Amino acid sequence: MSLMKMTAVELGSRIKSKEISAVEAARAALDQIKSVEDKVNSYVTVLDEDVVLERAARVQQEIEAGKLTGPLAGVPVAIKDNMCTEGILTTCSSKILSNFKPGFSSEAVLNLEKAGAVILGKTNMDEFAMGSTTETSYFGPTKNPWNTAHVPGGSSGGSCSAVAAGECFYALGSDTGGSIRQPSSFCGVTGIKPTYGTVSRYGLIAYGSSLDQIGPVAKDVTDCAVILDTIASYDAKDSTSVKREYDFASALKDDVKGMRIGIPKDYFGEGLDSEVKEAVLNVAKTLEKKGAIVEEFDLSLVSYAIPAYYVIASAEASSNLARFDGVKYGYRTEDYEGLHNMYKKTRSEGFGPEVKRRIMLGSFVLSSGYYDAYYLKALRTKALIKQAFDKAFASYDMILAPAAPTTAPKLGDSLSDPIKMYLGDIYTISVNLAGLPGISVPCGIDSKGLPIGAQFIGNCFDEKKIIQAAYSYEKTRDMMLSDMCV
C-alpha cells in the first residue's frame, strides 16, 4: 500500500512501530499537495515546507522518547480555515480576513497538537461557511477530485477534497447545516458531525452559534472515531461545551443485530435522485441482512426545516459578523471619509455576495416588526423539529437517510440559483436544528462516476450507535472509494 493510501490510524501505527517516520509522512503529503493542488484548490494556505518538516521532526523525537503515544501522533492533518491557528493565516475564505493571523489557536486544534498532529495548512471553504459548494470563497472555488468539473460540496469542501485527493490523511471541518456530511458525500470520504457541545467551539469563527459544530473528515469510520476521541473535550471557555465521557473508538464493532433503524418516508420522495435513493436503500438492505430491524416511518416537518434554518442561521450570522468592521483586525478600505464611511466601505468591499445576502436576511428577520413574524416562529419550528426527532428515537436507535438529494453538481450550477442551493441541504439541516450527531459514509458511485453518501443520524450523545452501524456497513461494503486519485 502506498503511503498516501493509508488511513490516519494505519499511518499512526506504522509511525509508532518505526516502519515510517513522521518526517517521511509529512514530506509525502507535501509532495502530493504540490502534485495536485493546482487542479483542486483545496487549500487557502499551505505551511512552509521547513516549518512542517521541523514540526514533524520534533513530534518524531517525542514519539521515540515515549511522550507521545496516541494513535494520531505524527500524522499530517489539514484544518478548515475558520478555526484559529496561532500565527497562521486564518481567513474564513473571505477578503475581510485575508490578512488575519490570530494570536491563539482554537481548542480543537490545540487538542490535535497535544496528540502530536502535524498541521499541513488551512483548507478552502465557502466564505464564512455560507454555501454548499465551496464556490463562494474569495480564493476561488475548490474542485471535486473525482471530477474537477464538479463541486466538492460545502462549506467544508476544501477539507473533504484534500482528504479525497490524498493531500492530507485527515482534516477538521465544521458543520452548521450539513457542511461536513454533504461534502463528505460528494467527495467519497467519511465525516462526522457530533452532538452539539461535544467539541469546543472556542476559536471557531462563528457563523450560526447555536448550530456550529466541529468534526472530523477522514477515509473511514475508524479514523473518524479516533479523531473525535482526540478533539472532543469539555472546555470552560465555550459556554455550550458539555461534560461527558469520550470513548468513541470503543464503538468500532461489526455488529448491528437487533438495532432498530428508521427510514423517513419524507426523505425518499420527490426531489431525491433515483441513483442516490437506490444506493441508500441498498445500505438498509445490507444492514437488514446483518440482523438490523429496518422500518419506514413518518418524520414530518421536513418541509419546514429549510426556512427555519435559514432564518435562524442568517439572524445569528448578522449578529456574529458585525464584529468585522476594519477597526481591530482584518481588511480595511483604503479610501474613506470618517468612521461610518470606513465601516460601510470596508464591509461592502470585504464581504462577498452570499455573505451579504445572509447578513441582510438576518438583519431583516431580527428587525422591529418582523422579529415575531419570522425569527420567533423559526425558533418554535426548531423546537417542533426536535420533538419530531425525540418521537422517532423513542422507537428507533438511529435514522438512515441520504446525505444529499443528488451527487455533486457541476461548477456554477448552484450559484446561479441560490434557492436551489439551499434546498440541497434538506437532509442535513434538521440534524443541526435538533443538535443531533450524524455521520456520512460512502455507499456507491452513480452513472457519472461520482460518489454517493448515506447518512446515519443518532439521538443526542448517541454517537457510538451511529459509529457502530456505519462501521458495520463499511466492513460489508464491496468497494474502496478512497482508492482514487485526481
- Does region 134-151 hold any residues that are surrounded by 24 or more Cβ atoms within 10 Å (Cβ to Cβ) and not in a loop (DSSP other than H, G, I, E, B), and which are they? Asn144
- Item | Index of the failed condition, Gly158 passing every other in (1) outside any loop (DSSP other than H, G, I, E, B); (2) over 19 Å from Gly352 (Cβ atoms); (3) out of contact with any Leu (no Cβ under 7 Å at 6 or more places or on another chain) | (2)
- Item | Residue selected from region 236-263 under the condition of a type in the set (A, V, I, L, M, F, W, C) and over 30 Å from Lys448 (Cα atoms), by the criterion surrounded by the fewest Cβ atoms within 10 Å (Cβ to Cβ) | Ala236
- Message: modelled with pLDDT of 95 or more, within 30 Å of Ala292 (Cβ to Cβ) and under 24 Å from the mean Cα position of the chain (by Cα): is that true of Ile385 in this structure?
- Response: yes
- Looking at (1) out of contact with any His (no Cβ under 8 Å at 6 or more places or on another chain); (2) touching a residue at least 40 places away in the same chain (Cβ under 8 Å), which is the one condition that is false for Lys143? (1)
- Those residues that are more than 13 Å from Ala218 (Cβ to Cβ) and in contact with a Lys or Arg (Cβ under 7 Å, 6 or more places away or on another chain), I need them from region 182-197; list them, please. Lys193
- Query: Which one of these does Met4 not meet: (1) in a helix (DSSP H, G or I); (2) touching a residue at least 60 places away in the same chain (Cβ under 8 Å); (3) crowded, with 24+ Cβ neighbours inside 10 Å?
  - Reply: (3)
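Conditions tested, residue by residue: (1) farther than 22 Å from Gly154 by Cβ; (2) surrounded by fewer than 21 Cβ atoms within 10 Å (Cβ to Cβ); (3) of a type outside the set (Ser, Thr, Tyr).
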{"site": "Pro405", "(1), (2), (3)": "no, yes, yes"}
{"site": "Ile439", "(1), (2), (3)": "no, no, yes"}
{"site": "Pro442", "(1), (2), (3)": "no, no, yes"}
{"site": "Ile445", "(1), (2), (3)": "no, yes, yes"}
{"site": "Ile457", "(1), (2), (3)": "no, no, yes"}
{"site": "Tyr471", "(1), (2), (3)": "yes, no, no"}
- Note on the structure: Expected output for region 48-77 (first residue polar (S, T, N, Q), partner surrounded by 15 or more Cβ atoms within 10 Å (Cβ to Cβ) and modelled with pLDDT of 95 or more, Cβ below 7 Å, 6+ apart or cross-chain) is Gln60/Ser21; Gln60/Ala22; Gln60/Val23; Gln60/Gly74
- Task: Please find, within region 9-47, the residue that is surrounded by the fewest Cβ atoms within 10 Å (Cβ to Cβ) out of those that are out of contact with any Lys or Arg (no Cβ under 8 Å at 6 or more places or on another chain), charged (D, E, K, R) and under 30 Å from Leu411 (Cα atoms).
- Result: Asp38
- Task: Could you tell me which numbered condition Leu415 fails, if it satisfies all but one of (1) in contact with a Ser or Thr (Cβ under 8 Å, 6 or more places away or on another chain); (2) assigned to a strand (DSSP E or B); (3) not polar (S, T, N, Q)?
- Result: (2)
- Collect the residues in region 128-160 that are hydrophobic (A, V, I, L, M, F, W, C), within 21 Å of Phe100 (Cα to Cα) and over 16 Å from the mean Cα position of the chain (by Cα), keeping them in residue-number order. Phe139
- Query: Before we move on, is Asp413 acidic (Asp, Glu), surrounded by fewer than 21 Cβ atoms within 10 Å (Cβ to Cβ) and farther than 17 Å from Val302 by Cα?
  - Reply: yes
- Has region 173-181 got at least one residue that is among the hydrophobic types (A, V, I, L, M, F, W, C) and not in a strand (DSSP E or B)? yes
- Note on the structure: Picking from Asp212, Asp220, Asp235, Asp247, the residue that is closer than 20 Å to Lys386 by Cα and of a type in the set (Asp, Glu) would be Asp212
- Query: Filter region 84-133 for residues that are in contact (Cβ under 8 Å) with a residue 12 or more places away in the chain and basic (Lys, Arg); which is surrounded by the fewest Cβ atoms within 10 Å (Cβ to Cβ)?
  - Reply: Lys101
- Message: Any residue in region 265-278 that is more than 11 Å from Asp298 (Cα to Cα) and in contact (Cβ under 8 Å) with a residue 24 or more places away in the chain sitting within a Cβ distance under 7 Å of a residue that is in a loop (DSSP other than H, G, I, E, B) and among the small types (Gly, Ala, Ser)? List the pairs, counting only those 6 or more apart or interchain.
- Response: Glu275/Ser447
- Query: Do you know which of the residues in region 211-263 that are β-branched (Val, Ile, Thr) and assigned to a loop (DSSP other than H, G, I, E, B) is farthest from Glu316 (Cα to Cα)?
  - Reply: Val256
- Message: Looking at region 279-293 only, could you name the residues that are out of contact with any Gly (no Cβ under 8 Å at 6 or more places or on another chain) and either among the β-branched types (Val, Ile, Thr) or more than 19 Å from Tyr396 (Cβ to Cβ) (or both)?
- Response: Val280, Val283, Thr286
- Which one is surrounded by the fewest Cβ atoms within 10 Å (Cβ to Cβ) among residues in region 189-235 that are touching a residue at least 24 places away in the same chain (Cβ under 8 Å) and acidic (Asp, Glu)? Asp235
- So Asp266 fits all but one of (1) outside any loop (DSSP other than H, G, I, E, B); (2) buried (at least 21 other Cβ atoms within 10 Å of the Cβ); (3) not hydroxyl-bearing (Ser, Thr, Tyr); what number is the exception? (2)
- Task: Kindly indicate whether any position in region 438-455 is free of Cβ contacts under 8 Å to residues at least 60 places away in the same chain and either closer than 21 Å to Glu296 by Cα or among the hydroxyl-bearing types (Ser, Thr, Tyr) (or both).
- Result: no
- Within the group Gly352, Gly362, Gly326, which residue is crowded, with 18+ Cβ neighbours inside 10 Å, over 25 Å from the mean Cα position of the chain (by Cα) and among the small types (Gly, Ala, Ser)? Gly326
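The values are calculated or read from the model by the stated rules, or taken from the named source; none is laboratory data. These numbers were taken from a predicted model, which means no experiment stands behind them. As a convention, Cβ positions derive from the backbone with ideal geometry for all residues, glycine included, and neighbour counts pool all protein chains shown.
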